[in-house]
Amino acid sequence: MADHLLLGKWGEDLAEKKLMDQGWKILGRNISFKGGELDIVARDEKELVMVEVRTRTFGKIMPPECSVGPDKLRKLVRAGKYYVLKNKWEGPWRIDLIAITVEENENVRIEHFPDITYGGAY
Amino acid sequence: MNAVLGVTLKGVDAIKVEVEVEITGGLFAISIVGLPDAAVRESKERVRAALRTLGIPIRGRVAVNLAPADLPKEGALLDLPIAVGMAKSTGALRFSRPSVFMGELALDGRLRAVRGAVPAAIMAREKGLDLFIPEDNAHEVSLVHGVNAFKVPDLRSLIDYFRGDLELQRVKNDFKADQQKKIEPDFSDIKGQAAAKRALEIAAAGHHNVLLIGSPGSGKTLLARALRGILPPLSDEELMEVMLVRSTVGISSSRGRERPFRPIHHTASAVAICGGGTNLRPGEISMAHRGVLFLDEFTEFRRDLLESLRQPLEDGEIVVSRSAGSVTYPAQVLLAVACNPCPCGWFGDPVEQCRCSSNDIERYQKKLSGPILDRIDLYVPVPRLTPEELLSLEGKCGESSEAIRERVCRARSLQLERWSDIGSGSNSELPEKILRTRLGLSREARSFLGSVAGTLKLSGRGISRVLKVSRTIADLDSSVEISTAHISEALAYRQTGFLS
Amino acid sequence: MKREGFALLLLNACESLDKRILDILKNEEVGLDRFWEEGPDLWKKLPITDNVRTRLIQLKNDGWVEAECERCGLLGIKVVTILDDLYPERLREAPWAPLSLYVKGQWPLCGSFVGVVGTRRCSSYAFRVAHSLGAKLARSGVVPVSGGAKGIDGAVHSGAIDSNGPTVAILGTGVDKVYPRGHERLFDNITREGTLLSEYPLGTGASNWRFPKRNRIISAISEKLVVVEAPLKSGAMITARYAMELGREVWAVPGRIDENVARGSNGLIYDGAYPLVEIKYFMDSLSGGQLDFFSDGNFDVNTTGMSDDQVRILSLLSEKGERTVDNIVSECKMSAAEVLNSLGLLLARGDVYPSGPGRWSASLKSKS
């Protein structure tokens, strides 16, 4: 496996662990559809949450949370809709972002951004 | 189930708007239907942010319906009912009495003042509804008697109130019109101009429209401004009407019982004067309701502007028709008009030389006729006093506005009493039929008028104008009969050309 | 009307004929009676142009003269022929005197005639001067004569009317027509004390070439002529030229030298016309200066039925001239309301008039 994919996998594991610690129920990992992929699908109480995980090592120009542009968001929304439809989910759902940065001194910073579409029309 | 109610304005009336909210599953989105304008559509951002700060997160797909569906809704005043509607459908609050909410939300949940609080209060009173208003609107609402209104500082207190954790302050009906302040300029500040002052006193007493003609610098504008100071203070009912218009425009402060004075410039647009615009608003003529509307440089006004003023002057209200619907605003004004005697302004001035040809002047004076001038009862020439004349008046200051106002009030109350059965408050509004029969013209005055009508070539309209004005002069005299002297004074205020 | 009169009216209707035709008829030893009686047969032998002859025949066959007389009767218009006693003497002396005049209003008028003319497009200064000239002349029993046009002419007439005096408007149209438009009321007022006068048959409309001809009559009928304001090319200058030819005294009101509007009248002063620097001087020159019309404050107004206040105001205005209400209030020690009701009454009686915005002047009545 290439380095960057390994890093991605490592990040997702980290994120999953954090969510489980928060008491969320993990429903799936790396669920892929034709149009895109959902890194983690979880339940936050009554709400279904699609989580996108971004992992970066220090030194990249952009922080991880900035690397999700409108195109990526649209893809996520489309994938989320597929998932909701397939699993006959009728409650509210949202898309979260977990940004993981490996800093110079090997420190790992995890940030959670809930509801990144925020009512936008995607 | 109690519907959440808001209001939207139609003219100076508040129309009840029912806010229905449905939240279903899905990715978060808010859609508002029911002809919202841009301000209402944007309210979703404010509402969600405000609710979130309060710890009421909104999830899923939110549909907001504003009923009735065919009435255009406008303004930020629907923020609060939408927020309450959402909070209610998430189960965050419940209430038992039908209530009307109004207010614009800040992102942190504070409430900002909105326009239309007075109309909303009147509507709430009529329908027996509770009213929740922003704190800043409380002053104007305190004017409306018998409404059950609550001051809401922010969204959190409102929710706490419904949960029973907090009492909201009721709006008390303690509207106190501030003590009438001294209105500047005072009549005693104006040197000379005895004739114009007297004419304005008559105008104020009988609600006669007035035209001031004079050279630049003669003091026309000053006199017109002072006119407000001698009008009787607003009655409770009139104050209510004035506040209704002010509230509709979004001015919540009050000037007490002082009558409005609205000067309009000739470059103003028809919309600014008559009201209208994409989201209908009252214009200057409605802002001057129960007060003075002042048109300076009258001859510069475009013909279509003057045309559009004619109907409101006749009816005392203005109907504005737009694609968004037609609304009626009140427009009972005392019209004061000022203009120069000729294009350059110096005609008849003893010092400055007029450079206008007589053709210019003739053309100019032709402009001084037409629909608006027909409604003017008093023509008041305002001479520009020469330095010598001013000096000769040094040390003599005339009566104060207050002394004149007292006479005006007395004359007004005489009129109110006399015309109470025909529903007219002033001499200027008298119908023709009454003029001929109930004026109290003395025998000598009648024959005097008959004899001069021929030599002065008075038209039918001219005669009724003289009669109305002389009735007011008699009222100022507290005289039951109109005497010859009253008539002859009225004759001095007719339109008289200086050229022909 | 006598046959003589019919003949003159008929000849006058040809427009191109004037007093000189009478000499021609005399040379041919044809009396006016005979001229009217014998008609076309006689006219063939007279030395007149074919055009005139055809016109005469046509009018005679149409019965125009009789119809015209009837029309005049209906409208209250008098016809004054050159042989009439009432024909203005000065005009009769002119070599081109018109054969008959149409007169609407009061006729004859006593008092000497003074022509006051000027441009139609006048400055308001000139308008005021013309107005007060008209008023002061009329008040002193002189009859101001002008052309009934807009501008100066109108000011002169209305000045005379404001002081309730007679004035004569000499028109370039028939006296039953109103030209220019907008002077309907003015013409009406003129006929109250004064006269509308024209040499043109009823119904004659306005055309350019008739107005200079009308100016000739103004210059001939007047004892003196005042040009108030006139550019170089104007009807007023034509009038002035005729007046000089006839030996009339010409006065001109000095105007600004940097403006075209007064270039003609100023030029007259340079050419020897009297400069009218004070109305009083001009008045003094009238009738040999024998009458002092302007003994200030010594005028005679009918004050019967006036209150003391009104008399006080009126005498203040006539002694000291134009006043604002403020002045009257302080000088007569009355309230504004009292002053205004007195002014209203005086205005109704025609004793005062508003002479500017907020300013009042006495209009002294002519001796009636």
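The values are calculated or read from the model by the stated rules, or taken from the named source; none is laboratory data. The shown structure was predicted, so the numbers you read here are calculated from the model rather than taken from an experiment. Cβ: placed from backbone, ideal geometry, glycine included. Neighbour counts: every protein chain shown.
Observations on the model:
- The residue that is surrounded by the most Cβ atoms within 10 Å (Cβ to Cβ), counting only those in region B:109-144 that are of a type in the set (Asp, Glu) and touching a strand residue (DSSP E or B) at 6+ places or on another chain (Cβ under 8 Å), is B:GLU135.
- Matching residues in region C:37-56 - criterion: being touching a residue at least 24 places away in the same chain (Cβ under 8 Å) and more than 16 Å from C:LEU17 (Cα to Cα): C:GLU37
- Looking only at region C:312-352, and only at residues there that are outside any helix (DSSP H, G or I) and crowded, with 22+ Cβ neighbours inside 10 Å, the one that is farthest from the other protein chains (Cβ to nearest Cβ): C:ASP351
- Residue selected from region B:374-422 under the condition closer than 30 Å to B:ILE463 by Cβ and of a type in the set (Val, Ile, Thr), by the criterion surrounded by the fewest Cβ atoms within 10 Å (Cβ to Cβ): B:ILE422
Yes/no per residue for (1) within 10 Å of another protein chain (Cβ to nearest Cβ); (2) polar (S, T, N, Q):
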position	(1), (2)
C:CYS110	no, no
C:THR119	yes, yes
C:TYR125	yes, no
C:ALA130	yes, no
C:LEU137	no, no
C:LYS150	yes, no
C:ASP153	no, no
C:VAL156	no, no
C:SER163	no, yes
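- Candidates B:LEU9, B:LEU66 - the one that is in a strand (DSSP E or B), out of contact with any strand residue (DSSP E or B) (no Cβ under 7 Å at 6 or more places or on another chain) and either of a type in the set (A, V, I, L, M) or away from every other protein chain (no Cβ under 14 Å) (or both): B:LEU9
- Yes/no for B:GLU399 being out of contact with any helix residue (DSSP H, G or I) (no Cβ under 7 Å at 6 or more places or on another chain) and in the same structural domain as B:ALA195 (by TED's automatic domain parsing): no
- Of all residues in region B:19-29, those being away from chain A (no Cβ under 14 Å) and either among the basic types (Lys, Arg) or surrounded by fewer than 16 Cβ atoms within 10 Å (Cβ to Cβ) (or both) number 1.
- Subset of region B:409-467 (residues that are touching a Pro at 6+ places or on another chain (Cβ under 8 Å) and either outside any helix (DSSP H, G or I) or of a type outside the set (A, V, I, L, M, F, W, C) (or both)): B:ARG412, B:SER424
Matching residues to (1) away from every other protein chain (no Cβ under 14 Å); (2) touching a residue at least 12 places away in the same chain (Cβ under 8 Å):
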{"residue": "B:SER31", "(1), (2)": "no, yes"}
{"residue": "B:VAL40", "(1), (2)": "yes, yes"}
{"residue": "B:ALA49", "(1), (2)": "no, yes"}
{"residue": "B:ARG52", "(1), (2)": "no, no"}
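- Residue in region A:58-74 that is out of contact with any Ser or Thr (no Cβ under 9 Å at 6 or more places or on another chain), part of a helix (DSSP H, G or I) and either of a type in the set (Gly, Ala, Ser) or within 14 Å of chain B (Cβ to nearest Cβ) (or both) present: yes
- Looking across B:ALA120, B:ALA149, one residue alone is assigned to a helix (DSSP H, G or I), closer than 27 Å to B:LYS10 by Cα and not β-branched (Val, Ile, Thr). It is B:ALA120.
Results for (1) without any contact (Cβ under 8 Å) to a residue 12 or more places away in the chain; (2) of a type in the set (Gly, Ala, Ser); (3) not in a loop (DSSP other than H, G, I, E, B), shown as yes or no for each residue.
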{"residue": "C:GLN58", "(1), (2), (3)": "yes, no, yes"}
{"residue": "C:ALA67", "(1), (2), (3)": "yes, yes, yes"}
{"residue": "C:LEU86", "(1), (2), (3)": "no, no, no"}
{"residue": "C:LEU91", "(1), (2), (3)": "no, no, yes"}
{"residue": "C:GLY115", "(1), (2), (3)": "no, yes, yes"}
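- Some residue of region C:60-75 being surrounded by fewer than 16 Cβ atoms within 10 Å (Cβ to Cβ) and either within 14 Å of chain B (Cβ to nearest Cβ) or more than 19 Å from C:TYR200 (Cα to Cα) (or both): yes
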